[in-house]
Amino acid sequence: MEVEPTTGAPVDALPRRVPLRAAGRRGRRTDDGTEEVFWAPIEQVHWDGTPVRQDASGATRAWWRPTWRLRRDRKRSSRPPDPLAGLAALVGLSLATAFFAWVSAGPLWLAVGHATSGSVVVTDCTGGGLSQRCRGNFAAAEDRFRSYGIRVSGVPERRATAGAVLPARVTGPNADIAYADRGIGAHLRWLLGLLGVLGCAAGIARWTGATRFSDPGDRRWAVAAAFAGPLVITLGFLVAAW
């Protein structure tokens, strides 16, 4: 006996096509007065010939709805995050914040005008490109003070030789870095660093669960605390670089 592979019913006992008319629509009248109906294929009927009635509108409504509306309709999860993962993210991003604050504190003071101009004599340079490291002796204008063996940042590669004299700026007599770069390069140092600080703050708010509070007031306070930590670290490095 031959069996239909989809339903497992005998082929002779299973109708191949059954009449099916969409709900709310009338069939078209033929010349002899009978009503023409739509004959559905076997894939649209049950094994006993009963038409399969599916709500096509509900099935197709989800795919064309905007993503932002689906996100708005979905309730915010109040489940707390994994404490170990949150603690690891907090420590790691705090260290990254300290690095970005350290590299951007000096250039930020120079950008707002807190700087001492002078010249630096390059004494030694190693590496090249991003890995270039130079040191030199800085002399402030009018010979107000001198700094020996400080790091020199922004030395052009063609001038990275011992004895080269470059105009440079420092934040003060106790500064340990002299900046020889000018123009857009000097502003990119502090701008990218502060963007990195803000990115770390957003990561702390996300991975520590500050954005998962269901109450809007509690969520705002938690996010504000997550951003306050990196900002306090940055403020500390700005004070130290003064």
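The values are calculated or read from the model by the stated rules, or taken from the named source; none is laboratory data. All figures in this text were calculated on a predicted structure; none of them were measured in a lab. A quick note on method: Cβ atoms are made from the backbone with ideal geometry, for glycine too, and the neighbour counts reach across all protein chains shown. When the accessible area is computed, the model is the full protein with side chains, heavy atoms only, and any ligands, DNA or RNA have been set aside. Shrake-Rupley method; radii C 1.70, N 1.55, O 1.52, S 1.80 Å.
In this simple spin-label approximation, A111 and S131 carry label points 7 Å from Cα along the Cα→Cβ vector, and these lie 2.9 nm apart.
Excluding A202 itself, what net charge comes from residues whose Cβ is under 15 Å from its Cβ, given Lys and Arg +1 and Asp and Glu -1?
+4
Report the FRET efficiency, 1/(1 + (r/R0)^6), for H187 and S214, where r is their Cβ-Cβ distance and R0 is 51 Å, rounded to 0.05. The computed FRET efficiency comes out at 0.75.
Along the stretch 113-129 the Karplus relation, 6.51 cos²θ - 1.76 cosθ + 1.60 evaluated at θ = phi - 60°, assigns HN-Hα couplings of x, 7, 8, 10, 8, x, 9, 10, 9, 6, 9, 7, 9, 10, x, x, x Hz to successive residues, with x for each Gly and Pro. The three principal axes of the C-alpha atoms in the stretch 86-242 carry coordinate ranges of 62, 31, 24 Å, sorted with the longest axis first. Computed from backbone phi, the HN-Hα couplings of the stretch 157-166 come to 4, 6, 9, 7, 10, 4, x, 5, 10, 10 Hz, rounded to whole numbers (Karplus: 6.51 cos²θ - 1.76 cosθ + 1.60, θ = phi - 60°; Gly and Pro given as x).
The trypsin sites (Lys or Arg not before Pro) found in the stretch 157-231 that occupy coil by DSSP, while having at most 13 further C-beta atoms within 10 Å, are R182. From a point 7 Å beyond the Cα of A162 in the direction of its Cβ, which residues of the stretch 131-148 have a backbone N at a distance under 19 Å? Within reach of a label on A162, which here means backbone N under 19 Å from a point 7 Å along Cα→Cβ, the stretch 131-148 contributes 132-138, 148. Each Lys or Arg adds one and each Asp or Glu subtracts one; over the other residues with Cβ under 13 Å from the Cβ of V122, this totals +3. Note on L194: accessible area approximately 50 square angstrom, rounded to 10, probe 1.4 Å, nucleic acids and ligands left out. Spin-label model, L195/A224: points 7 Å from Cα along the beta carbon direction are separated by 2.8 nm.
Annotation for V239 and R144: the two label points, set 7 Å from Cα along the Cα-Cβ direction, are 2.4 nm apart.
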